[in-house]
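Each remark here refers to the structure printed beneath this line.
Nothing in this text is a laboratory measurement; each read-out follows from the coordinates by a stated rule. This is a predicted model, so every value here is computed, not measured. We place every Cβ from the backbone using ideal geometry, glycine too, and count neighbours over all the protein chains shown.
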Amino acid sequence: MSDGLKILFVFVDGLGIGGNDPTINPLAEDRFPTLNRLLRTATPLDACLGVEGLPQSATGQAALLTGINAPKAMGRHIEGFPPPALKALIEEDNLFKRLTAMGKRCTFANSYLNIEPEQIPPRRRSVTTVMTLSALGNVRGTAELEAGRAVTHDITRSGMTERGYTGPHVSPEEAAGHLTETAEENDLTLFEHFLTDRAGHLADRAHSIACLETLERFITEAIRFADRPNRLFIMTSDHGNIEDLKVRTHTMNPVPLVVLGRYAEQFSELTDLCDVTPAIIRLYGS
């Protein structure tokens, strides 16, 4: 069934399903028509996973990318970078490892600038980095970025100068084009954008609007991937945040699961973060 299928998986940190009051939820503003439309029709996923407390990034992302209830396994929600026990869980079983074992080609589209994998400090390895290194042994770098075969986490590269980047900036639309063409070279391509979570923690309206304006333009172009034959676009998150500017913390709101293109209907019954990886594996296993 899934012969020739290619998936573009966009992970947007800190993006929950909020209310309709634009003074609280900037995503409810009319200036974001694509995000509005996608969120209205998204499948809500539970990010709390039966564990008390606010959902956090490390365990939420681990649950999303392994299919294992990581908060339950760890006994709590864990923020930031995964500690050793959670790293071990991710390294043992994750989306990339399972797909590569099936003969599928995966990649993490984010670019790391001027750094070799072994130079990434273990304490600063995100869930996506741990997964990628455990399954693929390498990450994309400056050469891939300059060749238009990678995307920086901030989409436009505008925040990369302080990290030593000296090349041109790109528009959100150009970055989306780089991402979709990279996705054509792989069976599954993952991209992570986490500035939404940072903006939510600041609870600064102007900053959040600017962040979402970039994301709106990027996603509007990226979802065109789903219009191509035998292509699937997925967008989801690990927990809520930016949808509620009344607080600087994460929220307990469900997160959106947006799925467009071939076999999208097979994701409509998913209920929580742990369901996403198994659903992808089922597609390729059919």
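Counting lysine pairs in the chain whose alpha carbons fall under 30 angstrom apart, excluding pairs fewer than 8 residues apart on the same chain, gives 9.
Suppose R0 equals 35 Å; then what is the FRET efficiency for Ile115 and Ile24 from their Cβ-Cβ distance, rounded to the nearest 0.05?
Values: r = 39 Å, r/R0 = 1.11.
About 0.35, to the nearest 0.05.
For region 6-285, what is the percent of antiparallel DSSP beta bridges, rounded to the nearest 5? Don't jump to the answer; show the numbers that get you there.
Working: 8 of 26 bridges.
Antiparallel bridges make up about 30 percent of those DSSP assigns within region 6-285.
Each of Leu38, Leu15 has some number of other Cβ atoms within 10 Å of its Cβ, and from fewest to most they run Leu38, Leu15.
Across Ala73, Ala85, Ala222, mean-square fluctuation computed from a Gaussian network of the chain (C-alpha pairs under 10 Å connected) peaks at Ala85. Adding -39500 (n - 2.57) for every DSSP H run of four residues or longer, then dividing by how many residues the chain holds, sets the calculated 222 nm ellipticity at -10500 deg cm²/dmol. Note on Asn36 and Lys72: the extension gain reaches 9.7 nm, defined as 0.36 nm multiplied by sequence separation minus the Cα-Cα distance. Label-to-label distance for Ser158 and Ile209 is 1.4 nm, based on points extended 7 Å past Cα in the beta-carbon direction. Which residue, Ile234, Ile120, Ile155, tops the fluctuation ranking in a GNM of the chain built on C-alpha contacts under 10 Å? The residue that fluctuates most here is Ile120. In this Cβ point-charge picture (+1 for Lys and Arg, -1 for Asp and Glu), region 12-114 has a dipole of about 440 debye about its Cα centre.
Given the C-alpha centroids of region 41-94 and region 128-150, what is the distance between them in whole angstrom? Each part reduced to its Cα centre gives a spacing of 23 Å.
Spin-label pair Ser268-Ala85: with each label point 7 Å from Cα along the Cα-Cβ axis, the two points sit 4.0 nm from one another.
Maximal additional length on extending the Arg123-Arg248 stretch stands at 42.6 nm, based on 0.36 nm per residue less the C-alpha distance.
Go ahead and run the numbers for FRET between Glu92 and Glu173, Cβ-Cβ distance against an R0 of 35 Å, rounding to 0.05. The partial results should precede the final answer.
Numbers: r = 39 Å, r/R0 = 1.10.
Computed FRET efficiency for Glu92 and Glu173 comes out at 0.35.
For region 198-252, trypsin sites (Lys or Arg not before Pro) meeting the loop criterion (DSSP other than H, G, I, E, B) and having at most 15 other Cβ atoms within 10 Å: Lys246, Arg248. With R₀ set to 41 Å, the beta-carbon distance separating Arg105 from His201 gives a calculated FRET efficiency near 0.70.
Computed from backbone phi with θ = phi - 60° and the Karplus coefficients 6.51, -1.76 and 1.60, the 3J(HN,Hα) list for region 44-53 is x, 10, 6, 9, 7, 6, x, 10, 5, x Hz; x is used for glycine and proline.
Taking Pro83, Pro172, Pro229 in turn, the Gaussian network model of the chain (Cα-Cα springs below 10 Å) assigns the largest fluctuation to Pro229.
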